[in-house]
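Some notes on the structure that comes next.
The values are calculated or read from the model by the stated rules, or taken from the named source; none is laboratory data. As the structure is a prediction and not an experimental result, all values here were calculated from the model. In this analysis, Cβ positions are derived from the backbone assuming ideal geometry, glycine residues included, and neighbour counts consider all displayed protein chains.
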Amino acid sequence: MDNMPRILLVEDDPNLCMLLQDYLELLHYNIVVAQDGEQGFALFKSELPDICILDVMMPKMDGFTLAGLIRKKDPFTPIIFLTAKSLKEDRLKGFQQGCDDYITKPFSTEELNLRIKAILRRCARNMMTNPEQSDEIFTIGKFVFDAPNMILQSDVGVQTLTQKEANLLKLLCLNKNKLLTRDHALKTVWGDNDYFIGRSMDVFITRLRKFLKDDTNVAISNIHGIGFKLEVKEEKSPE
């Protein structure tokens with residue numbers, strides 16, 4: 001059981017927490033439990049879980065705030081939100097905080113297990129050799145993008161990217177001056193394609209445009225309804 005994935009479960013409802021812990025332990029996951037956001041962050045730092053399952057409405061620190069702290073500490077660990085909130089705005093906020101999935105209560109434990117497995121499979125694939133995941137450094141106009149270290153730098157300064165920002169920019173760089181379809185970007189970076197994740201990707205595209213705005217020779221254009229294109233005009237050398 002020691003080699004099974006370690007799951008951090010942060011849930012303030014003791015009955016639901018016990019039910020989920022018992023169920024997941026029956027599936028041989030290693031479960032670490034916290035009952036509020038502050039305790040959850042302390043356990044995240046000490047236990048180094050493989051995946052986090054976070055309730056949204058909690059005392060001391062809500063799940064969105066906890067996810068933000070986790071993302072600053074570690075941009076890689078997958079996060080699943082559990083919440084009674086089903087509003088579109090809440091789901092979008094969850095994805096903007098860097099979550100990998102969002103499950104609305106009530107839900108079946110079988111569904112939760114399937115989603116955990118899907119995320120862990122996706123993480124395993126991302127760690128394997130993949131031309132779109134290999135370590136590379138890209139030149140984008142006057143910018144240098146260090147993909148493995150998630151750093152975008154120019155003579156103006158250095159911008160540290162989140163994991164998803166870096167993955168999306170890397171995909172755009174690999175398709176420089178060519179169409180990158182929305183479907184391919186969503187499935188490669190987020191592992192799925194639905195309305196909410198699509199809206200989340202639009203937010204990330206807006207952020208990348210802001211980071212690249214200091215070079216007028218660089219633009220991320222929107223091909224309406226189809227995808228995006230990283231357009232880089234090469235400056236002509238004086239003869």
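Per-structure values
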| read-out | value |
| --- | --- |
| Residue match in region 39-56 (condition: acidic (Asp, Glu) and farther than 25 Å from residue 121 by Cβ) | no |
| Residue 189 being outside the structural domain of residue 73 (by TED's automatic domain parsing) and surrounded by 18 or more Cβ atoms within 10 Å (Cβ to Cβ) | yes |
| Region 4-28, residues that are within 22 Å of the chain's Cα centre (by Cα) and either crowded, with 17+ Cβ neighbours inside 10 Å or touching a residue at least 60 places away in the same chain (Cβ under 8 Å) (or both) | 5, 7, 8, 9, 10, 11 |
| Matching residues in region 192-222 - criterion: being surrounded by 12 or more Cβ atoms within 10 Å (Cβ to Cβ) and basic (Lys, Arg) | 199, 207, 209 |
| Residue selected from region 136-170 under the condition among the charged types (D, E, K, R) and either touching a Lys or Arg at 6+ places or on another chain (Cβ under 7 Å) or more than 16 Å from residue 207 (Cβ to Cβ) (or both), by the criterion surrounded by the most Cβ atoms within 10 Å (Cβ to Cβ) | 165 |
| Residue in region 89-99 that is modelled with pLDDT of 90 or more, crowded, with 19+ Cβ neighbours inside 10 Å and within 15 Å of the chain's Cα centre (by Cα) present | no |
| Residue match in region 207-214 (condition: more than 19 Å from the chain's Cα centre (by Cα) and either assigned to a strand (DSSP E or B) or in contact (Cβ under 8 Å) with a residue 12 or more places away in the chain (or both)) | yes |
| Elements of type strands (runs of 3 or more DSSP E) in region 1-75, at least 2 residues being at pLDDT below 95, in the same structural domain as residue 100 (by TED's automatic domain parsing) and closer than 18 Å to residue 95 by Cα | 51-55 |
| Breaking point among (1) in contact with a Gly (Cβ under 7 Å, 6 or more places away or on another chain); (2) more than 26 Å from residue 78 (Cα to Cα); (3) of a type outside the set (Lys, Arg), for residue 186 | (2) |
| Candidate set from region 223-239 (those that are surrounded by 14 or more Cβ atoms within 10 Å (Cβ to Cβ) and not hydrophobic (A, V, I, L, M, F, W, C)); member that is farthest from residue 115 (Cα to Cα) | 231 |
| Test: residue 113 is surrounded by fewer than 19 Cβ atoms within 10 Å (Cβ to Cβ) and in contact (Cβ under 8 Å) with a residue 40 or more places away in the chain | yes |
| Scope region 132-184; condition in contact with a Pro (Cβ under 9 Å, 6 or more places away or on another chain), among the polar types (S, T, N, Q) and part of a helix (DSSP H, G or I); matching residues | 163 |
| Subset tally (residues that are charged (D, E, K, R) and at pLDDT 80 or above) for region 114-164 | 6 |
